[in-house]
Structure formats: C-alpha cells, structure tokens
Amino acid sequence: MCQVCARDITDTFMVERETALLKKIDINVAESEKRSGKNTVNMQETYTVYLIEIRPANAAEGGLPVGDSPWRRYSEFELLRTYLLVTYPFVVIPPLPEKRAEFVWHKLSADNLDPDFVERRRLGLENFLIRVASHSVLSKDKIFYQFLTEEKGWREAVLETGFQDKADSRLKSLSATLRVKNPDKSFTDLKQYSDELNSAISHLLRVRAKVADRMYGVYKVHGNYGRIFSEWSAIEKEMGDGLQSAGHHMDTHSASVDDILEEEEHYADQLKEYLFYTDALRSVCRKHELIQYELEMAVLDLASKKQQREELTTGAVRVFSLKGMSSKLFGQESPEQRESRLAALQQSIQASEDAVLDKNQECREFMRMSWEEVKRFKEQKDRELREALISYAIMQISMCKKVGDNMGTATCDPHHVTRTM
Amino acid sequence: RRAIWWVYIYIYIYPTIVYIEVVLTNGKPIETSSPASASSLLNRLQLDDDLEADTLDLYASTETRDLFVTVDDPKKHVSTMETYITYRVSTKTSRIEFDLPEYNLRRRYQDFDWLRMKLEDSQPTHLIPPLPEKFVMKGVVDRFSEEFVETRMKALDKFLKRVADHPVLSFNPHLNAFLTAKDLNKRQGLALLTKVGESVKQAAGGYKLRARPPEYCVMGEYLDTFNQKLGTMDRIAQRILKEQTEYLVELREYGSVYAGWAGSEDALTRPLEGVAGCVSTCCGAMEDLSEGMSQELLPVLREYVLYIESMKNVLKKRDQSQAEYEGRLEAAVIRKQEEKTPVPVEVEKCQDRVECFNADLKADWERWQSNKRQDFRQLLTSMADKNINYFEKCQSAWESLVSQLQDDQAENTNETNCD
C-alpha cells in the first residue's frame, strides 16, 4: 500500500499487470517472524523470515492460498535474484531492499532486527516479487514460480539449474571492461548515465539524512519551550492558563516531527530502489561489454588464422613468427606436411567463422533485447520517480498544513490563548 | 502640597486595594504589618467631593494620552574623535508643561543614559524602564550594523514611550529637558556625585529591616523565579536559532543536489528542478523566520531581565526606606519614654516616605505586570505568526509545484495521479 495515497502498490504497474502470471495470482509478503537456528558455520543466529502468500487474482478476501505459502529469509531472495541475473542477463533485474540500513539519521535504528526496518523490508520484498511477476520474461520463469509456491525443495531446484556455472567470473567481466575496443555508443552512454544516477541518488540520500537529523533537532528544542511555559505558568495568575495552552501546543509541535520523518522514510525507500536499480543497469552494460569483447576476440582469432593460412599458401612471411624463423633456419617443410597443416588450419578457420557468426548473432540479439529492456526501464523510471516527487511535494504540503494549523490554534486565535493571558 | 499627596495616594490606593484583596490574596483580606496598611490609609483619607471629581478626572486623563513620543531615523555621525549614531526623537503634546506642541531633535544613546540616571535619582520610589545594554563587545557585535542599530532603536523607543506613559515620570522635568532642550546640559559629573552621595547616605543609615511585609516577599520571589525562566527561555531561543542555522546549511545542499541531478535527466528535469526551487524557497523562508526571531524575541527577553533588575533595586530601596523609618521610630519611642518628647518631625517624614514608596511601588508593580502581560502576549502571537508565515510560504511553493507538475502530466499521459 502506498502510504501517502493509500493506493495498492500494484496499481502503479497498471501497464504491467498484463502478464499472464499476475492475471492469475495476487502476491503478498504478508508477515514477518523471528527465527533462531544454526547457520552454515554451525553457530546460533537469529534471523527474520517472511511469509509469501499467493492467492488467486481478484478473489474475495477468503480466497484459498495457492501453493505452500512458504516462509523465506532474505538470503533466499538474494539467491533467487542472482539466479535471475545470470539466467536473463539482458533484463534490468529489479533490486532487493537494502541488506543493511544505510543513510540513517541518528534516530533511525541501523539494526536489522528493528521492527521498523523489518516492516520496511517486508514491503520492499513484496515490491520486488511483484515487479518480477510484472515482467513479460521473468514472470514465466519456473524457478520464480517455485520460489513463490514451494516450501521445500526450492533451494535444490535452483542449484540444479547450474546457473552458478554460467555466471561470468568477475575477473572476466573486469578484463572485458578494460579491453573492449568498440563498445556500442548507446551502452557507453547508458553506463555513464547509470553512474550519474547512482551518484546523484546516493548524494541525495546522504544529504537527506543530514537534513532529517537537523530538522529533528529544531523540533525537539521547541519541546523545551513546552516545559518552560508550563513552569512559568505556575508563577503567573492571569497569564497562567494562556501559557499552559501555549506550552501544550509547543509539545504537540515538537512531537509532530516523528510522524513527519517516518513518512519521509517511504520516499527515501523509493529513491533507494532506483539507486539499487543502477547496479542492475550496470550489470547489463557489463554483459554487453563481455559479449562484445568475446566477439572482438573471435574476430581477431579468425583474422590471425586467415593470416596464417595466407602465409602457408604463399610462403610469404609478413609478420615475424617463430615458424617462419625456424623454417628459415631449419629449412622448409615438406609439401605433405604443409598440406596437412593447411587442412587443419582450414577446419579451424571454418570453426572460427562459425564462432564469429554465432557471437555476432549473440551480440545483436543481446543488444536488441537489452535495448528493449532499457527503454522499458527508462519509461518506468521516469514515470515512477515523477510520481514519487509529486508525492513528496504533497507530503510537504500536508505537513505544512498540520503544523501551521497547530500554531494557528495556539496563539493566533484571539479567543484562545491570548485572551486568557 | 499636602493635597497633591492625597491625590496621588488615592490614585494608587484604589487599584492597590483591588490588587491586594483580589489578586494577591485570592479574595481573602490580609492584615499587613506595614505601617502603610491599606485600611489605615483609607481611614486617614479625607475625601473631598471636589477632590474626588478631580482625582477621577486625573485618573481618566492618564488614560487619554496627551504626550506622544517616537524614536526613529538613525543616522551615523563621523567625527575625528569618534563615530556614533543619533536618533530622531519626536514629541507631540498638548500639555502645558511644554512650550510648543511639537518637538523634533536628535539624541544619542549617551543622552538616553543620562535621562535614565536622572529619573532614577529624582524618582527613587518609582520603577524606571530599562535601556538596551550600553556596552557591546567590540569584536563580537558590529555597533553600526543595520540589525544592531535597528534593535537598539526599537528598545530606545520602547523605553521613551514607557516613560511618557507613566503618570508620574512623564511629568519629570528631566524628561521635559530631554524632549525639548537643544543642548542637554548633562553635567555627568554631578550626576555621579548625587548617586554616590545617596548610596553613602544609605550606607550611613545602616538600618536593618526587621520584617518585610509578605506582599513584598512575594514580589521578590516572583521576580527571582521569573528571572530564572527568562534566562532559560533566552537559552532555548539561542539554541533554536543555532539549530535552524545548521538545518539551513544542510537544506541548501539538499536543494542543490536536486538541481544537479536534473542535469543528467530529460523527462525528469522539470520535476527535479521544481523540487530544487521549492527547497530553495523554504530556505529563504527559514532565513526570514530566524531573522525575525532574533530581532524580536531575544531583545524582549533581555529587556525584561533588565526590568527585573530595576524592580529588584526598587524593592531594595523600599526595604531600606522602611528600615530607616522603623529604626528612627524605635529610637524616637525610646526617647519619648525616657525624655517625654513628642515624636519628631523627622520620623513623620520617614513614615510619609515609606507610605509613598509603598504606594508608588504597588502602582508601578501593577502597571509593570499589565505591561508584561501585554508584551508577552504580543510576543508569543508574533512568534507564532512568524512560524505560520514560514509554513505558509513553504506550503504555497509546494502547492504551485504540484499543480504545475500535474498539469504537465495531464498533457503528457492519461494516468490518474495521487491526490
């Protein structure tokens, strides 16, 4: 539920509710619970699990749940997401809510077990699942459906897909980033944009935390007025009631900051989601670089083999090679040897040509599919962030109204405090 | 002359009775041990019908003002010896004590200080309103900054108005001189001597007060507690100003981050720049609020701290005057018993002094309480207004942004919005 306008979150994805999956089911991360157990290194730990409830879509409140209604912990969500990242590298995979509370201002707890944090995480996890279910490609994934519905055996199933083997190693990715010669310009631009967006949103969140901290300070000191007015009213006769009332309004004003900042956390969460989205964008860019790099390598490989063939057939040594050197030193090889080598080379070239064609195809496919994805993401981002900014502005308006009203009844109303003074 | 004393006593006793019987004692009449007890005084009053009419008129006329003073128009004067500020003091009056109906002249702080000293000396039984502080730390505060001069001028204006509104002080010849004389023949030296002389006189007296009447104890306690509360409020106000300043720093950066982000977007440029603009407006509004607080709230708190100091001095002097009377009376009674001499005139004069003092003090106390209520009511209302103003400015900025963005949205898409 959007806390500002009390709308169902799924309404935001009106366009995307068109997936077959969401037509069938409603997804809800209904509850959270604390569990204790032994972890992988056999140590006792406390962790939180979340209940995933699937019901038939548009059913009445009493609709029977679909599947096992599994309880999942955060690390299982992470596993699911990693699987999706590897399996669909051209998709901008929706992010999970933050692992640890960051960008906190002093009052907000950084403790993962804090109830407010758990509640916000619950909403974030639900949001994640709904976004995946709204995606035309991701929603069809079997493992995803199993995650939603099967209590036991999901972990084994996901590991059985062998996705971990398919994962590109970090080293390979890094090397590709450094050495790719002709990355597509739109991807370079995309990478730059995602860096800029990342930097802008993190800066924003950092400063917002400081602003929240300062604002809290201002409001809380006003609370001191409440106390002093109360003390002062005790020594006054005519002014006493007026001062008491003024003091009370000061207390109300001071206490209102808690609600204000609580509501702003929702806005911060929306920004955080897009901050984490930039990682998904960068992932797609990296995949492109990797494929492009592999294509370039395949092309180079083909070119060098053709070069070798030419040398072999014409006998001309264009480039220094050990073979050329040794044939100069130790005499030419026999025509039979040359013939067999040429044949082997020809086969190798054929394989290389196929590889280049395949890689080219893969590259083009990837670029086409991912570009569709990026377009969709951009449109979603523009729409949702615009809504978030409008909601933020509306929140500010309602906050100004509330505080202004409180002040107004305090001393501006001539029939209230001032007359009793 | 005696008649005038009765007039003054009548003016002050009437409200004093009300004050003592209703306000101070919660409706229960008390017996004071003071020689100037309300009931005994009342008994001694010889109410003349004509006098009554006059006194009623006189009382009424203190409410119909016939003396208006204003302090404004500060100007800097630079001379080889010094640089200082003068203020225009304008007077409009119909009183016969003034030769002309209007006066306009320039005075500097020194002149106000002189006036206050003269008033204190010549009217020791009255509460003289305070002046803004004389000395400011040269390094810390700029004596010629617009803000400082403005604040000081407002305080001087208040001081003069309070004096002019006072039924006794406003007739003081020194005030007249201050408002009308081209050159104030200040004779600072003499004033100093008078002050020293008086304190010497009092020290020489060395009378100890036996029993202070409870109403003055109550006043003293009230002043101490109120002083303490004022001090706390001043500290709170300063703290709020400090927090608001730091909040402002962060808020400015917050706005600029939105503006920076807008640069790397296209569809989101307008909303982001819009938010940056709103935040900037809020910053301006907060600046105004802080400025208003520091210019209006802090000076009033400080003024009342000084006022309390003055009032405490007056209470002390009253105690001393009562102590002297009691001392002399005791001595005289003993001598009377021993030597069969009548009570000397000295003692009677002392008694009169004490009675006048008490009457003046109570009247001034009442006036001060009323001023205090008015001042603080106005102050709290003004502070609340400033705060409301701040939130209204912010609210309207955000509202215009929302309507602008929603218009844009309506143009571009058909989606429903959060309302």
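From the set of residues in region A:170-207 that are within 24 Å of A:Y277 (Cβ to Cβ) and not in a helix (DSSP H, G or I), which is farthest from the other protein chains (Cβ to nearest Cβ)? Out of the qualifying residues, it is A:V180. Looking at A:P414, A:P335, which one is over 23 Å from A:L261 (Cβ atoms) and either at pLDDT 85 or above or within 14 Å of chain B (Cβ to nearest Cβ) (or both)? Only one candidate passes the filter, namely A:P414.
Of all residues in region A:197-220, those that are closer than 19 Å to B:E273 by Cα have Cβ atoms under 7 Å from Cβ atoms of residues that are surrounded by fewer than 20 Cβ atoms within 10 Å (Cβ to Cβ) and among the polar types (S, T, N, Q), 6 or more apart or on another chain, in A:L197/B:S264; A:A200/B:S264. Assess whether B:V275 counts as being free of Cβ contacts under 8 Å to residues at least 12 places away in the same chain and farther than 30 Å from B:K312 by Cβ. When the stated conditions are applied, B:V275 does not pass them. Within region A:221-238, the residues that satisfy the criterion of being more than 7 Å from chain B (Cβ to nearest Cβ) and either touching a residue at least 40 places away in the same chain (Cβ under 8 Å) or not aliphatic (A, V, I, L, M) (or both) are A:G223, A:G226, A:R227, A:F229, A:S230, A:S233, A:E236.
Condition check ((1) within 12 Å of another protein chain (Cβ to nearest Cβ); (2) open to solvent by 70 Å² or more (accessible area, probe 1.4 Å); (3) touching a Leu at 6+ places or on another chain (Cβ under 7 Å); (4) part of a helix (DSSP H, G or I)) across all residues:
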position: A:A344; (1), (2), (3), (4): no, no, no, yes
position: A:A355; (1), (2), (3), (4): no, no, no, yes
position: A:F366; (1), (2), (3), (4): no, no, no, yes
position: A:W371; (1), (2), (3), (4): no, yes, no, yes
position: A:Q380; (1), (2), (3), (4): yes, no, no, yes
position: A:R386; (1), (2), (3), (4): yes, no, yes, yes
position: A:M395; (1), (2), (3), (4): yes, no, no, yes
position: A:M399; (1), (2), (3), (4): yes, no, no, yes
position: A:G408; (1), (2), (3), (4): yes, no, no, yes
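Scanning region B:61-116 for residues being of a type in the set (A, V, I, L, M), open to solvent by less than 50 Å² (accessible area, probe 1.4 Å) and more than 15 Å from B:F171 (Cβ to Cβ) gives a total of 4. The condition (being of a type in the set (V, I, T) and within 29 Å of the chain's Cα centre (by Cα)) is satisfied by just one residue among B:V279, B:V354, B:V275: B:V354.
Could you please give the count of residues in region B:387-405 that are under 24 Å from A:L243 (Cα atoms), touching a residue at least 12 places away in the same chain (Cβ under 8 Å) and crowded, with 20+ Cβ neighbours inside 10 Å?
Number satisfying all stated conditions: 2.
Residues are listed down the side, and each one gets a yes or a no for (1) modelled with pLDDT of 90 or more; (2) of a type in the set (S, T, N, Q):
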position	(1), (2)
A:I52	yes, no
A:V66	no, no
A:P70	yes, no
A:E76	yes, no
A:L79	yes, no
A:T82	yes, yes
A:L85	yes, no
A:V92	yes, no
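Being buried (at least 16 other Cβ atoms within 10 Å of the Cβ) and under 20 Å from A:I52 (Cβ atoms) is a property that does not hold for A:S173.
For region B:235-248, a residue qualifies if it is facing another protein chain (nearest Cβ under 7 Å), in contact (Cβ under 8 Å) with a residue 12 or more places away in the chain and closer than 13 Å to B:L298 by Cβ, and exactly one does: B:I240. Counting the residues of region A:236-264 that are crowded, with 18+ Cβ neighbours inside 10 Å and outside any helix (DSSP H, G or I) gives 2.
Can you tell me which residue within region A:136-169, out of those that are assigned to a helix (DSSP H, G or I) and free of Cβ contacts under 8 Å to residues at least 60 places away in the same chain, is nearest to A:V29 (Cα to Cα)? That would be A:Q146. Taking strands (runs of 3 or more DSSP E) as the structural unit, those lying wholly within region A:19-87 and holding at least 2 residues that are touching a helix residue (DSSP H, G or I) at 6+ places or on another chain (Cβ under 9 Å) correspond to A:25-38, A:44-56.
When only residues in region B:369-383 that are open to solvent by 30 Å² or more (accessible area, probe 1.4 Å) and within 17 Å of B:S310 (Cα to Cα) count, which is farthest from the other protein chains (Cβ to nearest Cβ)? Here the residue is B:N371. For region B:350-367, state whether one or more residues are open to solvent by less than 50 Å² (accessible area, probe 1.4 Å), aliphatic (A, V, I, L, M), within 13 Å of chain A (Cβ to nearest Cβ) and in a helix (DSSP H, G or I). No, region B:350-367 has no match at all. Identify, please: which residue in region B:249-268 is more than 7 Å from chain A (Cβ to nearest Cβ) and open to solvent by 30 Å² or more (accessible area, probe 1.4 Å) and is, among those, farthest from A:E387 (Cα to Cα)? For region B:249-268, the residue satisfying everything is B:V249.
The values are calculated or read from the model by the stated rules, or taken from the named source; none is laboratory data. Keep in mind the model is a prediction, meaning the values are calculated, not measured. Every residue, glycine among them, receives a Cβ derived from its backbone with ideal geometry; neighbour counts consider all protein chains shown. Protein only, heavy atoms only, side chains kept; ligands, DNA and RNA dropped before computing areas. Shrake-Rupley method; radii C 1.70, N 1.55, O 1.52, S 1.80 Å.
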